[in-house]
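A short write-up of the structure that comes next.
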Amino acid sequence: MKFKSSVKDVPSDSQWHVVRLPVTTDMNGMSVSIDAHVLHKGEGPTLTLLSGLHGNEWLHLHFFMQLHDLLSNKDFQGRIIMVPLANAVAFGSLTRNIQDDSDSPDANRLFPIGGAVNTGLSEQIAFTLAQGIFPETNYLLDFHLGIWGSTLGSTIVGIDYSDEHINAESQRLSRAFGVPLIYRAHMQSKFPGPRASQPYAGEFLKIPCCGSFLGGAGFDSDLEKTWTQGNIQGVLNVMSELGMQDSEQVLPERYLVYETIRRLNPKTGGLLQPTNERDTFGREVKAGELLGKIVSPFTFEVLEELTVPFDGYLGYWSRSYPVRPGDWAFAVIPKDHAGTAWLTRDQL
């Protein structure tokens, strides 16, 4: 395969081209790089699909491959930049972050916002994306799906950018993506902070952006196929919203929007045993409801119970799998928070 050296080198010829962006050389002599698949089909905006900043989030690869084939034969105007594995080193160990001794191992907290760029591998990966991909981007979709055993079920969009136009355009993307749960987060000023991919793009580069949290691995095949199709349809919906193609969007009748969510992750390690083997995103839950238990794999005693702290809605859930303290389990959206509401399409 012949690689292009930059996104700008890709011609408008209705074929996928792979741009290989060099990052550095690791201690073992292996080259570290980022591959971006680029499809350019005439005049129109550039939509970037970014994923793999965390190495243990890989379910997106299923729908990226399907989308790759689908878009090859689809008429549209504009350019798609698809980055399937931004952090190949972390993916190689199936860990969230690169396993090194750097002060800052999380590549999605290291995008450059002034000052010198440090030389840690994770920071160099973020810098390479910032220099080689983001300047060519008009709109950004950032994918962070659940790890094995845990599933997430929303889009996430920043609402605290200093430019109100970017706030409005980013929320337009989240509506168009079509997932019924929309997490309206203070991404730039609170969590994950200004050096994460979306806040960096939205606040410092003025790129409208939103993220998909829809999906997880290790679940029944019909569920995973539903999440895969939801993400594919979400990308097609956004392309229609941006005028890149002329097709009808598939959207829910109403959305659950929220500005805060309480994680119910275990304080104790063991085997997570959920109350329900399958659950539903946005399901109404009551304070005191038992969502799952942590059981000792050695004595079989219950070490911890994970109960709903207040009336609300189920934000995400997990299957039975071994967990360490703090691993993903459940989350609840507070019903009485001012930022929580069910809204119709016209109200968004």
Convex hull over the alpha-carbon atoms of region 261-336: what's its volume per residue in Å³?
-> 71
Rounded to the nearest 10 degrees, the helix 221-241 long axis (Cα) sits at an angle to the longest Cα principal axis of the chain of 50
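Please get the size of the charge dipole for region 33-173, origin at its Cα centre, with Cβ charges of +1 on Lys and Arg and -1 on Asp and Glu, quoted in debye to the nearest 20.
The dipole of region 33-173 has a size of about 360 debye.
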For the chain, set up a Gaussian network in which alpha carbons nearer than 10 Å are linked by springs, and say which option among Ser33, Ser154, Ser247 fluctuates the most.
-> Ser247
If you build a Gaussian network model of the chain, linking Cα atoms that sit under 10 Å apart, which residue out of Asn97, Asn73, Asn87 swings the most?
-> Asn73
Taking amide H positions as placed in the peptide plane 1.01 Å from N, state which residues far from Glu57 in sequence (5 or more) or on other chains have amide H under 5 Å from it.
-> none
Expressed as a whole number of Å, what is the distance separating the alpha-carbon centroids of region 294-348 and region 88-153?
-> 26
A student applying the Cα gyration tensor rule (rounded when a/c is under 1.5; otherwise prolate if a/b is larger than b/c, oblate if not) would label region 3-252 rounded
Largest-first ellipsoid semi-axes for region 26-101, taking √(5λ) over the Cα gyration tensor eigenvalues, angstrom | 29, 13, 9
Once phi for every residue in region 170-181 is put through the Karplus expression 6.51 cos²θ - 1.76 cosθ + 1.60 (θ = phi - 60°), the whole-Hz ³J(HN,Hα) values, with Gly and Pro written as x, are 5, 5, 4, 5, 5, 5, 5, 4, x, 7, x, 9
Where the only charges are on Cβ atoms (+1 Lys, Arg; -1 Asp, Glu), what is the dipole of region 52-116 about its Cα centre, to the nearest 20 debye?
-> 240
In debye to the nearest 20, the charge dipole size for the chain, taken about the Cα centre with +1 at each Lys and Arg Cβ and -1 at each Asp and Glu Cβ, equals 60
DSSP-defined beta bridges in the chain - what % are antiparallel, rounded to 5 = 65
Taking alpha-carbon centroids only, region 13-39 lies from region 182-218 a number of Å equal to 24
So what's the back-of-envelope 222 nm ellipticity for the chain, counting only DSSP H runs of four-plus at -39500 (n - 2.57) apiece and dividing by all residues, rounded to 500?
-> -6000 deg cm²/dmol
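Each reported figure results from applying straightforward, stated rules to the coordinates on display, with no laboratory input. Everything numeric in this text was worked out from a predicted model, so none of it was measured. We place every Cβ from the backbone using ideal geometry, glycine too, and count neighbours over all the protein chains shown.
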